[in-house]
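Okay, so here's the structure we're looking at.
The values are calculated or read from the model by the stated rules, or taken from the named source; none is laboratory data. Keep in mind that this is a model prediction, so the values were computed, not measured. Positions of Cβ are generated from backbone atoms using ideal geometry, with glycine treated the same way; all protein chains shown enter the neighbour counts.
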Amino acid sequence: AVVYGPERLKTALYSASPILVDGKIYVTNEEGTTSVFAAGPKFEILAENPSDEYTLSTIAVSRGQLFLRTEKFLYAIGRK
């Protein structure tokens, strides 16, 4: 069965694992761009968020916040 057709994320190196949060899939490439797309039968990119920093880590989730570790910084995204 084909889940997604020819649509793909932009070509890049990916070391981080994708994560599923609230019906959205997040994945960060090594250039530091996090792509967010809908989890479902239709491929739909919801956002692309560049940090412009080298990144190998998978996003972590805790208490409603997303944590992204880059080469130089740790970002917390969301409400306290």
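Scanning segment 54-80 for residues that are touching a strand residue (DSSP E or B) at 6+ places or on another chain (Cβ under 8 Å), assigned to a loop (DSSP other than H, G, I, E, B) and under 16 Å from residue 30 (Cα atoms) yields a count of 4. Exactly one residue out of 61, 27 is of a type in the set (A, V, I, L, M) and within 20 Å of residue 10 (Cα to Cα): that is 27. Within the option set 53, 71, being in contact (Cβ under 8 Å) with a residue 12 or more places away in the chain, surrounded by 13 or more Cβ atoms within 10 Å (Cβ to Cβ) and over 11 Å from the mean Cα position of the chain (by Cα) holds for one residue only, 53.
If you go through segment 1-50 and pick out every residue that is closer than 14 Å to residue 77 by Cβ, touching a residue at least 24 places away in the same chain (Cβ under 8 Å) and not in a loop (DSSP other than H, G, I, E, B), you end up with 5. Looking across segment 1-53 at every residue that is in contact with a strand residue (DSSP E or B) (Cβ under 9 Å, 6 or more places away or on another chain) and among the basic types (Lys, Arg), the one that is modelled with the lowest pLDDT is identified as 10.
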